[in-house]
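Have a look at the structure below, then the notes.
Where a number appears in this text, it was derived from the coordinates with a stated rule and is not lab data. Owing to the predicted nature of the structure, the values given are computational and were not obtained by experimental measurement. Don't worry about glycine lacking a Cβ; one is built from the backbone with ideal geometry, like all the others, and counts go over all protein chains shown.
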Amino acid sequence: MGVVTHLEELIRGLGENPESCQMGPNHWEIPKGSAVIRIVFHPKSGLIMGESSLCKIPKAPSATLFEFLLSENDQLEGLSFCIQGDTVLLSFLMEDRFFEMSKGRDYFSYLLESSDYYDNILVERFGAVWLED
């Protein structure tokens, strides 16, 4: 079985239909709670990316928000925060040669749980703004 077949199987395991989640070749988006999880496979590089857009940073963000994100990056295993424009992202990268179903399931479950956990903290504690539907 190829990586794409495994990723589609993983998406089914998350309770979603891969065909309805597919945004393009090797690209799926899965809505989960307030987050949307993106799964992208780049065959040429062999990279699998899992990413979640959590929220928008406030117009006048405090230094404590950035300190929190950097501090959490040290604590999270395999996941990392970044900011793209004004959006806070949580993501991971995995090489296809190390992909196993159980490991992939663990990573995506961890990303889903962490996204649900952190978006609330960022909005409630640091004044971040929910993403619009």
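Summary table below
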read-out: Rounded to the nearest 20 debye, dipole of segment 1-78 from Cβ charges on Lys, Arg, Asp, Glu; value: 280
read-out: Computed magnitude of the charge dipole of the chain (debye, nearest 20; Cβ of K, R +1, Cβ of D, E -1); value: 200
read-out: Candidate lysines for bridging to LYS32, where Cα separation is under 25 Å - those fewer than 8 sequence places away on the same chain excluded; value: LYS56, LYS103
read-out: Cut-off 14 Å between beta-carbons: net charge of the residues surrounding GLY127, Lys and Arg +1, Asp and Glu -1; value: 0
read-out: Helical mean residue ellipticity (222 nm; -39500 (n - 2.57) per DSSP H run of 4+; nearest 500) of the chain; value: -13000 deg cm²/dmol
read-out: At 1.002 mPa s and 20 °C, Stokes D of segment 1-101 from Kirkwood alpha-carbon radius, µm² per second; value: 144
read-out: For the chain, the longest site-free run once GluC sites (Glu not before Pro) in DSSP loop states with at most 10 other Cβ atoms within 10 Å are removed; value: 1-76
read-out: Relative contact order (%) - criterion: Cα under 8 Å, at least six apart; region: the chain; value: 25
read-out: Under-5 Å amide H pairs with ILE37, H placed in peptide plane, nonlocal only; value: ILE30, LYS32
read-out: Euclidean distance of C-alpha centroids, segment 69-133 and segment 1-28, integer Å; value: 19
